[in-house]
Amino acid sequence: MSVPDYMQCAEDHQTLLVVVQYIGVLKSENFFNIYKRISSVSQVNVNNSQRALYIRYRHQYPVENNDWGDFQTHRKVVGLICVAECGFPTELSPLFRKFDQNKEVYSSTLYDSRLFVFGLKEMPPDHSHTGVVFFPSYEDCESVEKWVEDFFQSLFFVLESKRLDRTSEKSGEKIPLLYVPFEKKDFVGLDPDSRHYKKRCQGRMRKHVGDLSLQAGMLQDALVHYHMAVELLRAVNDFVWLGAALEGLCSASVIHHYPTGTGGKSGARRTQNPTLSADSGKRHRPGAQEVLIDPGALSTNGINMDASTEIGRAKNCLSPEDIIEKYKEAISYYGKSKAAGVIELEACVKAVRVLAIQKKSMEASEFLQNVVYINLRQLSEEEKIQRYSVLSELYELIGFHRKSAFFKRVAAMQCVAPTIPEPGWKACYKLLLETLPGYSLSLDPKDFSKGAHRGWAAVQMRLLHELVYASRRMGNPALCVRHLSFLLQTMLDFLSDQEKKDVAQSLESYTSKCAGTMEPIHLPEGLTLPPVPFTKLPIVRSVKLLNLPVILRPQKVKNLLGQKLSTKSPFIYSPIIAHNRSEEKNKKIDFQWVQGDVCEVQLMVYNPMPFELRVETMGLLTSGVEFESLPAALSLPAESGLYPVTLVGVPRTTGQITVNGYHTSVFGVYSDCLLDNLPGLKNNGCTVDVIPALPRLQISTSLPRSAHSLQPSSDDVSTHVSVQLFNGETQKLLIKLENIGTELLETLEVSSKTVNNKVPSKAAFEILSLDLED
């Protein structure tokens, strides 16, 4: 046997194997729809008994595996259902011939067969072929499941007759020797009358009857037969068959302890086990173990004797711990024969599924390690992919996520092995994506900004490089750009200087074909790759909104008394102070920006790369007010310290404006970097009021400018001029006021007052008098 079934589990030992095939010309969609309906009947309660029959389906099954049917009866094809399509009665003859040919393939093991023919409205009058069922169409075939159940009843009757035949051998009759294909040559010339030979025959037959009993729903009988087979086979060192008897014992015990199954397949098995719950057949003797048996099932020549004499040495169901010990023992016996490699491998897989339910991960990993080292024949690439994928799933089942990811990655690499004429890059890419959780790798950059790095960075980088390469071979440059951007953004701290240069060069070459955007990429597998903003190219450490230059700052109008015309607001005291980071970020700033005036935001940035970083464009991202950002181009020296960068823009409307972040274009990748996503950022608030555009008033005088400013200086915009007068002297002074802005100045109020008058108060007088006529 050369083709392992990696999906095998212990409860499969009680199933009957049925192959469903199509013959003639048939659409695959129609066949698999019918196959699905047939395979939905996986369990049948047998007429007039409490026993249940379990069915396992395959739509293809290698003949060499079928030859091992005597060794383990669940491996033999006992039922065949063929599906065919027929438009005219004249087409039936070739279909019948083909049906007979298909039956011939499995003739040595087949109990019964059926041919389902779709497309004929009525059965032809001269139809005489047995086992043929006609259905008018694929839509009009409600009775398919009923026919399948009837078919299984017929399988049961054949199974039951074989079981009874095997268990009621007369004491004088010779027991045939069962063997597997590779043993045939070993028995040439052996003396069939020797005691050793007879004991071997008895042990193997006893084991075989155990298999039949298990399939026939007689669990306790099977346990007794397996126990006795183990003792007989152990006495003659019949290792491979001893392993099979031990494995049968394990399977029967697993079915008892875990009635819902160990395979984790959909459609759970029915949990009642009538043969174990029934009180019939229970015998009790003082000082002996209680055993459930079928009276009259066993014997003196090893087959047919009253089982009550066996109670002392036949043990009941194995405990969960003993199940694993017996699996280990069985596998060690299988390992003594190279030809039993597939049986050994499948036994390991079954044991792992049981250990997964028992939550014994370390022991399960030992069995899986054994699977890795079992040498089978030279496997095809497809079989290698299947083997590694199953190993990955089993490691996942026992909670070894990283080991699972390792084997899935090996399977991915196998998809594109050099020996494959048409490498499957899509399959490779899909499998690589499935390995990400095992390596603590998420493709969302936000998961990397939350704290310490998780997982092995070197392995993660290797995996990301493989995703990039697979994307390129798939012909998807947008995917290449996204994965490379992610690699550069999240793994920057782990890249060497040379690697940083290499990744940057690769990224530039890919973006020359397809620019990086902030659009999410939706993959066919249902996965969405979020955008990757380059918040580390360059790294921004502080953001500061700058006040307008002094001469452009808006001044609140004062009346003649010098009081500000501001509306008073009620002051409400609250002891609760919110220390929310986002509130601090959006706190208001005590200056205003003016509509239409150029406003500035200063960033302190540095370049972490070992080469000069060219930022093609960098501008502000704002909300709340229509804002015209005026992007800048930067060139930051290699590994520069903090470097001030001023970004400018013009608010076009009034209201509140919030600076949310900045956008950049680096290596051909466009990024929107939000301040909320930047760790360790300092800022003095990001929200400011934009007031309507104001007139600009310029004042000039005919006097020369003063060499020094007067004290005390005020916050107001001021110009200082100087004149020296003697007491009683007057001088004419020209003050020129000019509106140099774009807004209309509607009213102008000019006043003068003496700030510091050192003359005696009784002689106080206005030093400056204004003539506003002109």
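The values are calculated or read from the model by the stated rules, or taken from the named source; none is laboratory data. Computed from a predicted model, the values in this text were never measured in an experiment. Neighbour counts run over all protein chains shown; Cβ positions are idealised from the backbone, glycine included. For the accessible areas, the whole protein counts, side chains as well, though only heavy atoms, and no ligand, DNA or RNA atoms are used. Shrake-Rupley method; radii C 1.70, N 1.55, O 1.52, S 1.80 Å.
Conditions (1) modelled with pLDDT of 95 or more; (2) of a type outside the set (D, E, K, R); (3) open to solvent by 90 Å² or more (accessible area, probe 1.4 Å), marked per residue:
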| site | (1), (2), (3) |
| --- | --- |
| 527 | no, yes, no |
| 550 | no, yes, no |
| 567 | no, yes, yes |
| 574 | no, yes, no |
| 586 | no, yes, no |
| 601 | yes, yes, no |
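Just to be sure I understand, how many residues within segment 122-154 are surrounded by fewer than 18 Cβ atoms within 10 Å (Cβ to Cβ) and under 30 Å from residue 67 (Cα atoms)? The number of residues fulfilling the criteria is 9.
Say whether the condition of being part of a helix (DSSP H, G or I), open to solvent by 20 Å² or more (accessible area, probe 1.4 Å), touching a residue at least 12 places away in the same chain (Cβ under 8 Å) and not small (Gly, Ala, Ser) is met by at least one residue in segment 208-223. Looking for residues that are part of a helix (DSSP H, G or I), open to solvent by 20 Å² or more (accessible area, probe 1.4 Å), touching a residue at least 12 places away in the same chain (Cβ under 8 Å) and not small (Gly, Ala, Ser), one finds none in segment 208-223, hence no. Helices (runs of 4 or more DSSP H) fully within segment 15-121 that include at least 1 residues being touching a Pro at 6+ places or on another chain (Cβ under 8 Å), open to solvent by less than 70 Å² (accessible area, probe 1.4 Å) and not acidic (Asp, Glu): 92-105. Being of a type outside the set (Phe, Trp, Tyr), surrounded by fewer than 21 Cβ atoms within 10 Å (Cβ to Cβ) and not in a loop (DSSP other than H, G, I, E, B) holds for only one residue in 465, 483, and it is 465. Here residue 362 passes the criteria (1) closer than 26 Å to residue 529 by Cα; (2) surrounded by fewer than 17 Cβ atoms within 10 Å (Cβ to Cβ) except the one numbered (1). When you scan segment 186-205, do you find a residue that is open to solvent by less than 20 Å² (accessible area, probe 1.4 Å), in contact with a strand residue (DSSP E or B) (Cβ under 6 Å, 6 or more places away or on another chain), part of a helix (DSSP H, G or I) and in contact (Cβ under 8 Å) with a residue 24 or more places away in the chain, even just one? For segment 186-205, residues open to solvent by less than 20 Å² (accessible area, probe 1.4 Å), in contact with a strand residue (DSSP E or B) (Cβ under 6 Å, 6 or more places away or on another chain), part of a helix (DSSP H, G or I) and in contact (Cβ under 8 Å) with a residue 24 or more places away in the chain: absent. Among the residues of segment 605-630, the one identified as in contact with an Asp or Glu (Cβ under 9 Å, 6 or more places away or on another chain) and within 17 Å of residue 660 (Cα to Cα) is 621. Applying the selection to segment 668-682, what residues are within 20 Å of residue 544 (Cα to Cα), open to solvent by less than 20 Å² (accessible area, probe 1.4 Å) and touching a Pro at 6+ places or on another chain (Cβ under 9 Å)? Matches in segment 668-682: 673 only. Residues that are surrounded by fewer than 18 Cβ atoms within 10 Å (Cβ to Cβ) and either within 30 Å of residue 692 (Cα to Cα) or touching a residue at least 60 places away in the same chain (Cβ under 8 Å) (or both) within segment 607-617 comprise 608, 610, 611, 617, listed in sequence order. Looking at (1) surrounded by fewer than 15 Cβ atoms within 10 Å (Cβ to Cβ); (2) of a type in the set (Lys, Arg); (3) in contact with a helix residue (DSSP H, G or I) (Cβ under 9 Å, 6 or more places away or on another chain); (4) not in a loop (DSSP other than H, G, I, E, B), can you tell me which one residue 163 breaks? Only one criterion in (1) surrounded by fewer than 15 Cβ atoms within 10 Å (Cβ to Cβ); (2) of a type in the set (Lys, Arg); (3) in contact with a helix residue (DSSP H, G or I) (Cβ under 9 Å, 6 or more places away or on another chain); (4) not in a loop (DSSP other than H, G, I, E, B) is unmet by residue 163, namely (1). Per the listing 397, 376, 345, the residue uniquely open to solvent by 30 Å² or more (accessible area, probe 1.4 Å), touching a residue at least 40 places away in the same chain (Cβ under 8 Å) and closer than 21 Å to residue 1 by Cβ is 376. Pairing residues of segment 147-168 that are within 19 Å of residue 80 (Cβ to Cβ) with residues that are of a type in the set (A, V, I, L, M, F, W, C) and part of a helix (DSSP H, G or I), at Cβ distances under 7 Å and at least 6 apart in sequence or on separate chains, gives 148/38; 159/212; 162/212.
When segment 523-543 is filtered for residues that are touching a Leu at 6+ places or on another chain (Cβ under 8 Å) and not in a loop (DSSP other than H, G, I, E, B), the ones remaining, listed by number, are 529, 536, 540, 541, 542, 543. Scanning segment 618-667 for residues that are touching a Ser or Thr at 6+ places or on another chain (Cβ under 9 Å), open to solvent by 50 Å² or more (accessible area, probe 1.4 Å) and more than 21 Å from residue 548 (Cα to Cα) gives 633, 642. All conditions but one from (1) part of a helix (DSSP H, G or I); (2) in contact with a strand residue (DSSP E or B) (Cβ under 9 Å, 6 or more places away or on another chain); (3) not small (Gly, Ala, Ser) apply to residue 145; the one that does not is (2). If the condition is being of a type in the set (Gly, Ala, Ser) and touching a residue at least 24 places away in the same chain (Cβ under 8 Å), then segment 428-451 contributes 438, 449.
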